[in-house]
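Here the structure is laid out as structure tokens; the discussion comes afterwards.
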Amino acid sequence: MGASIQFYGPEPCLPIPYNITKRVIEGITERESNTRWNNSTQYRQSKLFLKSFDKKKTKQLMSRSRTNIALVAGITTGHCLLNRHLTVMRIAEDPSCPECGEMETSFHFIAECPMYAMVRWELQGKDSFSVEDLANLSIGDILRFTKETGRLQGGMLPGHQ
């Protein structure tokens, strides 16, 4: 079929290799994704953990079990079994952290709660994390932190197990 198509342009006519075409398309897709992500006013919580499209984190996440993918997705979006989200869903009445009394968000749980300072220290050598530190955590770091704290074990709402 290709030989029957008339070529117009300077000779010689050389095809573009598949891998080069693929890389160009992936680059365009990544730039477009990052532009949309950075220009969006949504995803406030997720942007704390993900500053831009990250191929390495995507591969790390996709190599995990469904349970771990759901756990990481819940933490990075704030849609997990922490009291702030449970209060928004009207499942709990108090958004406070059961350990320290502050508002229990994903950021608070991973970065600030004094109850988990030792876990953060063992994981990263810090007793609290900055916003920049959150973006540098690997998928494995997030999973190790949640497993070490035991705070989100079970992963299901009461009565839904």
Subject >> Dipole of the stretch 57-98 [Lys/Arg +1, Asp/Glu -1 at C-beta], most positive-end residue of Leu82, Leu61, Pro95 >> reply: Leu61
Subject >> Column: log10 I(q)/I(0), Debye, Cα scatterers of the chain, q = 0.10, 0.12, 0.15 Å⁻¹ >> reply: -0.49, -0.63, -0.88
Subject >> Linear extension gain, Ala70 paired with Thr87, 0.36 nm per residue minus alpha-carbon span >> reply: 4.1 nm
Subject >> Point-charge dipole on Cβ atoms (K/R +1, D/E -1) for the chain, about Cα centre, debye to 20 >> reply: 520 debye
**OP:** Would you mind counting up the charge near Phe129? Only other residues with Cβ under 12 Å from its Cβ, with Lys and Arg at +1 and Asp and Glu at -1.
**Re:** -3
Subject >> Placed amide H near Met103: partners under 5 Å, 5+ positions off or other chain >> reply: Cys97
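Where a number appears in this text, it was derived from the coordinates with a stated rule and is not lab data. Not measured: the values here are computed from a predicted model. Positions of Cβ are backbone-derived with ideal geometry, glycine not excepted, and every protein chain shown enters the neighbour counts.
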